[in-house]
């Protein structure tokens, strides 16, 4: 369960049609990134990275490649919503606070003291030795981390489990693109096309914690946007004049503007409760009483939040009116990320059973469905963005999202 009592949230337009956009958005030197976009993406996360990492860049692959003992390593989220690392050899692990990485933190939640493996894992390949983290994993974009892992049986080898280059969040860092589950994007992704065009090079695409598209890459030529693909470039929030920065050897390119179909306010929501429409047709009987024809029960999230405006930390007022709202008009699909940085689907505890665990890489039942992603449809027709005071700082907004 997320320990932050007031986490950031996000709204992402869903079911976006990218098929009309140019299939060659940019080049790196003489190498053009080419693919054919489809007409149905869950949201921008699915379009950018397919809710997974490229082959060899997911955490399990990095863990195995880093190890100097054991022949099998695995990492996943257990049914208690904690990170679990397992191996075929006994080991212990601790957070490596002495790392030289640029933005180190205990992302996975293992703490500064060693924890020893004990018992077989119940996840994935069910390896003989496993350790569940003692604290919760961090929500939000992953920048880097380092852990020290030491062999405790049959030897004393040790290695560092390091991650850098950024990832959308911990869930997506663990997932490998192409896993063929209900959240995997089997169709073309911008990251997949970029990796393919550059012969498997390390390049990653994601949305950061402020709603801007970010590309990280190492050892690759800078991006030049195709003159015929400026509509897609602008949709992503890039102007073509961005300057890159460096982090842990990676080149970081961040879009100037928020992505068109993404809204990440700077403050937590003010209100989030459920509304139920119980739809039926009733008729009075001649002899008294009623008969009813039940049609359906429809659950909606009633969401209230403050939209940042010109005098606030960021200005999302015209982004909301001129860009974002046109993609989430009445009846359009929208995804409500109740905790930004946890991309899993929301699950109520009553749906947890022997076939559906409480937490994994697809679902989370934290707070009985008040965390994770709600997949829904916008059913709000108009927005009166009136300032509550004379200062144009923030504007109260209310939306209603009917759950799928």
Looking only at residues that are touching a strand residue (DSSP E or B) at 6+ places or on another chain (Cβ under 7 Å) and assigned to a loop (DSSP other than H, G, I, E, B) in region 266-279, which one is farthest from residue 318 (Cα to Cα)? 270
Among (1) out of contact with any helix residue (DSSP H, G or I) (no Cβ under 6 Å at 6 or more places or on another chain); (2) touching a residue at least 40 places away in the same chain (Cβ under 8 Å); (3) within 18 Å of residue 264 (Cβ to Cβ), where does residue 360 come up short? (3)
The lone exception for residue 73 - which of (1) out of contact with any helix residue (DSSP H, G or I) (no Cβ under 8 Å at 6 or more places or on another chain); (2) more than 19 Å from residue 204 (Cβ to Cβ); (3) crowded, with 21+ Cβ neighbours inside 10 Å it fails: (1)
Does residue 208 satisfy the condition of being touching a strand residue (DSSP E or B) at 6+ places or on another chain (Cβ under 6 Å) and either crowded, with 22+ Cβ neighbours inside 10 Å or outside the structural domain of residue 98 (by TED's automatic domain parsing) (or both)? yes
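Conditions (1) free of Cβ contacts under 8 Å to residues at least 24 places away in the same chain; (2) within 16 Å of residue 93 (Cα to Cα); (3) not in a loop (DSSP other than H, G, I, E, B); (4) not assigned by TED's automatic domain parsing to the domain that holds residue 33, marked per residue:
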position	(1), (2), (3), (4)
119	yes, yes, no, yes
122	no, no, no, yes
131	no, yes, yes, yes
138	no, no, no, yes
165	no, no, no, yes
187	no, no, no, no
Over region 325-355, the set of residues assigned to a loop (DSSP other than H, G, I, E, B) and touching a residue at least 60 places away in the same chain (Cβ under 8 Å) is 328, 332, 338, 339, 340, 341, 342, 343, 344
Output the residues belonging to region 222-231 that are over 16 Å from residue 322 (Cα atoms), out of contact with any strand residue (DSSP E or B) (no Cβ under 8 Å at 6 or more places or on another chain) and either loosely packed, with under 13 Cβ neighbours inside 10 Å or touching a residue at least 40 places away in the same chain (Cβ under 8 Å) (or both). 227, 228
Would it be correct to say that residue 54 is surrounded by fewer than 22 Cβ atoms within 10 Å (Cβ to Cβ) and at negative phi? no
Need the failing condition index for residue 107 against (1) more than 16 Å from residue 164 (Cβ to Cβ); (2) assigned to a loop (DSSP other than H, G, I, E, B), just the number. (1)
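Hey, could you check region 102-115 for residues that are closer than 13 Å to residue 148 by Cβ and in contact (Cβ under 8 Å) with a residue 40 or more places away in the chain and say which is surrounded by the most Cβ atoms within 10 Å (Cβ to Cβ)?
Ranking the qualifying residues of region 102-115, first place goes to 108.
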Taking residue 166, is it in contact with a strand residue (DSSP E or B) (Cβ under 9 Å, 6 or more places away or on another chain), modelled with pLDDT of 95 or more and on the phi > 0 side of the Ramachandran plot? yes
What single numbered condition from (1) free of Cβ contacts under 8 Å to residues at least 24 places away in the same chain; (2) not in a strand (DSSP E or B) fails to hold for residue 297? (2)
Checked region 232-265 for anything over 26 Å from residue 9 (Cβ atoms), in a loop (DSSP other than H, G, I, E, B) and in contact (Cβ under 8 Å) with a residue 60 or more places away in the chain; matches are 248, 249
What do you reckon, is residue 347 more than 19 Å from residue 260 (Cα to Cα), surrounded by 20 or more Cβ atoms within 10 Å (Cβ to Cβ) and in contact with a strand residue (DSSP E or B) (Cβ under 7 Å, 6 or more places away or on another chain)? yes
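Check whether at least one residue in region 61-79 is on the phi > 0 side of the Ramachandran plot, more than 19 Å from the chain's Cα centre (by Cα) and part of a loop (DSSP other than H, G, I, E, B), and report yes or no. Walk me through it before giving the result.
Filtering region 61-79 for residues on the phi > 0 side of the Ramachandran plot gives 70.
Retained after the next criterion (residues that are more than 19 Å from the chain's Cα centre (by Cα)): 70.
Add one more test, that the residue is part of a loop (DSSP other than H, G, I, E, B), and what stays is 70.
Scanning region 61-79, I find at least one residue that is on the phi > 0 side of the Ramachandran plot, more than 19 Å from the chain's Cα centre (by Cα) and part of a loop (DSSP other than H, G, I, E, B), so the answer is yes.
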Based on what the data block shows, is residue 214 touching a residue at least 24 places away in the same chain (Cβ under 8 Å), in the same structural domain as residue 374 (by TED's automatic domain parsing) and not in a loop (DSSP other than H, G, I, E, B)? no
Of everything in region 31-51, what is surrounded by 23 or more Cβ atoms within 10 Å (Cβ to Cβ), out of contact with any helix residue (DSSP H, G or I) (no Cβ under 8 Å at 6 or more places or on another chain) and assigned to a loop (DSSP other than H, G, I, E, B)? Give them in sequence order. 43
Tell me whether region 94-102 contains one or more residues that are within 26 Å of residue 179 (Cβ to Cβ), modelled with pLDDT of 95 or more, within 26 Å of the chain's Cα centre (by Cα) and not in a loop (DSSP other than H, G, I, E, B). no
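The values are calculated or read from the model by the stated rules, or taken from the named source; none is laboratory data. All of these numbers come straight from a predicted model, not from anything done at the bench. Because the Cβ atoms are built from the backbone with ideal geometry, glycine has one as well, and the counts that use them run over all protein chains shown.
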